[in-house]
Amino acid sequence: MTTQRASDVMVKALENEGVERIFGIPGEENIDFIDSLRQSTIEFVLTRHEQAAAFMAATYGRLTGKPGVCLTTLGPGALNLATGAAYAHLGGMPVIMITGQKGIRTAEQARFQIVNTVATMKPLTKDSRQITSPRMIPTMIREAFRVAQSERPGPVHLELPEDIAAMPLEQSELVQPHTNGRATASDDAIDAAAQVIRTAKRPLLMLGADASRSDASEALSRFVSRVRIPYFTTQMGKGTVSGSSDLYMGTAALTSRDYVHDAIEKADVIVTIGHDTTEKPPFTMDENGPTVVHVGYRAAVVEQVYFPQVETIGDLGPSLDRLAVELVGHVPNAGALLPMRAGILEKIEEKSDADRFIPQRIVSEVRKVMPVDGVVALDNGMYKIWFARNYRTTRANTLLLDNALATMGAGLPSAMAAKLTYPERRVMAVVGDGGFMMNSQEMETAVRLGLDLVVLVLEDSSYGMIRWKQAVDGMPDYGLTFGNPEFVAYAESYGATGHRLGNVDDMHDVLESAFAAGGVHLVVVPVDYSENERVLIDELGQREAAALDAQ
């Protein structure tokens, strides 16, 4: 039999699972694995920080439903995956994280660089294990992929010690991949949900993050068009059904008192489809609120703000098709809330033609240059609320935002992963100056990979969302401003093209020309956040005060 290294077997097992690309940074403890990768069909994408590699792998998992893979060395490199692990875990994104380790059969360097990575990763992943024998590798890889993709999808961590990786191994049999099956909802659960919806006076659908999975989108669109109940989305549920539908009521970018909450508060039955409470609450339940029907891949996690009275659990596609059969023609009040739609959307979309770089105008200009399949990847900042409220999507996963961990620094790596996954599509990263600088070194990676990518930097020289929160709570403005590099020169130092805009009327042409030219372009605009106070503090605050007075 042919003798090979354990690392060779591990790479072949990854090929066997269909892995095409691994993101990461090598180290002394994984050089055998890297050498095995060199001889494989898998592309290795060298990043400039391990956190970015994890964000890229997670975004691939989010977009495809197949686990993305990232690789680091031991100790500090492995620990840099922690934020990415939590990002994938809370966001339901399948990922395989492979880290190195010192040899486990001897301790020639004592405790140098050694931390217990397996224990560190356990609360941040679905599973975390050390490989202690080459013969374990085929089955451990198969199990890692199975666990990562099973409900609820998420990250799995495997630690490969350097001495195990280098061990010789006779040819071993790989474990054949299999399809993860999902349970289907029971007839009793379908009947119970249908009964509540049929008798609703003012029904409303809510589409959550899990509804954005590619294998659910067609069934969900069929369900909405057949049943004709109006719907709103959570932030991470945007695009699950086209925002151009005459049933779209808006997106819950805030938890309460936004205009879409007028419809939420009038609904007597809310059907949540694919909702997970790891996402910031789109509304809160109380004892006087509506009846909530939870339709999901898995049972609801009951929280203080979310305790559905009826549940239908199983594969979303078949569940929705069966539920539609029970409802079509039998929901007499299906459109009861639709008269509110025009007023809600009109208030949300006002001022999109303003002559300043206010969020509404920025969102409008981005929407104009992005085709229906174009992907916008957001970092975390004040603009995320405005994009969630104002950016209309027509396809799932074309506005990538994180409303679960809500970490900064993920916007640029996420956009890069989207471009690698969909090279034929337009992709734009929209980032604040704070979040951008947390992983801005990946500009070099994007240029080295030859990506066609536009990075829109919204510059206000502060951590704007926390600054807004200080203002909401009546606190003095303190501790949140900083300086920036000259971003045009910064972009050019990486070999990218930089643009700085002073007139909002130039924005469309500059973005269009950047996409047309190809390559990596960084476009800087001076965002004007005065609308935060006018709309999100004063206007919505007055609405809340009026509602309290009416009680």
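Look at the alpha carbon pairs under 8 Å that are at least 6 residues apart: their mean separation over the length of the chain gives a relative contact order of 12 percent. Let me know the shape class of region 187-344, please: from the alpha-carbon gyration tensor, a ≥ b ≥ c as square roots of the eigenvalues, rounded when a/c is under 1.5, otherwise prolate if a/b is greater than b/c, or oblate. Rounded, because the longest to shortest axis ratio a/c is under 1.5. Ranking of 312, 407, 255 by neighbouring Cβ atoms within 10 Å, starting from the fewest: 255, 407, 312. Using C-alpha pairs under 8 Å with a sequence gap of at least 6, the mean separation divided by the residue count of region 187-344 gives a relative contact order of 33 percent. Going from the residue with the fewest nearby Cβ atoms within 10 Å to the one with the most, 436, 145, 44 rank 44, 145, 436.
Once you order the gyration tensor axes a ≥ b ≥ c over the Cα atoms, which shape class does the chain get: rounded for a/c under 1.5, otherwise prolate or oblate by comparing a/b with b/c? Judged from the Cα gyration tensor, the chain comes out oblate (a/c at least 1.5, b/c at or above a/b). Give, as a single signed number, the net charge of other residues whose beta carbon lies under 12 Å from the beta carbon of residue 394, with Lys and Arg counted +1 and Asp and Glu -1. The answer is +3.
Going by neighbour counts of Cβ atoms within 10 Å, the residues 330, 49, 89 line up, fewest first, as 330, 49, 89. Of the GluC sites (Glu not before Pro) found in region 139-189, those that fall in a DSSP loop while having at most 13 other beta-carbon atoms within 10 Å are 173. The alpha-carbon of residue 238 sits under 21 angstrom from the alpha-carbons of these lysines, leaving out residues fewer than 8 places away in its chain: 66, 280, 347, 368, 384, 419.
Taking a ≥ b ≥ c as the square roots of the Cα gyration tensor eigenvalues, region 330-370 comes out prolate, since a/c reaches at least 1.5 and a/b is larger than b/c. The alpha-carbon of residue 102 sits under 19 angstrom from the alpha-carbons of these aspartates and glutamates, leaving out residues fewer than 8 places away in its chain: 8, 28, 29, 32, 35, 50, 159, 162, 163.
Computed from the coordinates by the stated procedures, all read-outs in this text should not be read as laboratory data. Please read all numbers here as calculations on a predicted model, not as lab measurements. Glycine gets a Cβ as well: all are built from the backbone with ideal geometry, and neighbour counts include every protein chain shown.
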